[in-house]
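A short reminder: the numbers here are calculations on the coordinates, not readings from a lab. A quick note: this is a predicted structure, and the numbers were derived from the prediction, not measured. Positions of Cβ are generated from backbone atoms using ideal geometry, with glycine treated the same way; all protein chains shown enter the neighbour counts.
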Amino acid sequence: MVTELTKGNWNATVDSDGIVFVDFWAAWCGPCRRFAPIFEAVAARNPDIVFGKVDTEAERELAGAFRITSIPTLVAIRDGIVLFAQPGALSEAALDDLVAKVRAADMAEIRRHVTGRPAVR
């Protein structure tokens with residue numbers, strides 16, 4: 001299932017523990033429309049992950065906060081930390097690979113790197 005993300009539900013969705021993939025898109029964007037079924041298919045295979053879409057036309061503030069200048073742009077967030085952000089549509093295989101990499105990420109090490117402090121064990 002793919003969730004529509006807005007300013008109203010962004011923090012509750014993205015700032016919590018877990019994995020969130022965000023597709024920044026617009027209805028007029030051809031590559032966005034071609035990427036949509038790929039995003040939806042991968043979302044269907046990963047029901048434990050939140051897959052959300054941000055309409056950059058309707059949610060200009062969110063798009064601005066992420067400095068979105070090209071769409072589609074895919075962002076992967078885990079436990080409130082952005083692990084991946086890249087413009088351009090991915091193939092289904094590439095998105096599946098990215099999901100696996102985000103799942104396998106050593107979040108203790110990432111937190112230590114981001115904060116400069118050892119992770120609590």
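Rounded to the nearest 500, what is the chain's calculated 222 nm mean residue ellipticity when only DSSP H runs of at least 4 contribute -39500 (n - 2.57) each, over all residues?
Roughly -12000 deg cm²/dmol at 222 nm, from the helical runs in the chain.
With everything on Cα atoms, drop me the angle between helix 30-45 and the longest principal axis of the chain, reported from 0 to 90° to the nearest 10.
Here the helix axis deviates by roughly 50 degrees.
Considering amide H positions built from the backbone, and no H for Pro or chain starts, which residues 5 or more places from THR3, or on another chain, come under 5 Å of its amide H?
PHE51, GLY52, LYS53
Based on the alpha carbon coordinates of the stretch 2-115, what radius of gyration and maximum Cα-Cα distance (Dmax) apply, in Å?
13.4, 41
If you take every residue apart from SER91 with its C-beta less than 13 Å away from the C-beta of SER91, what net charge results, scoring Lys and Arg +1 and Asp and Glu -1? Could the numbers behind the result be given before it?
On the way: positive: ARG34; negative: GLU92, ASP96, ASP97.
Summing Lys/Arg as +1 and Asp/Glu as -1 gives -2.
Per-residue HN-Hα couplings for the stretch 56-67, Karplus 6.51 cos²θ - 1.76 cosθ + 1.60 at θ = phi - 60°, whole Hz, x for Gly and Pro?
Each residue of the stretch 56-67 in turn: 5, 6, 7, 10, 4, 5, 5, 4, x, 4, 9, 6 Hz.
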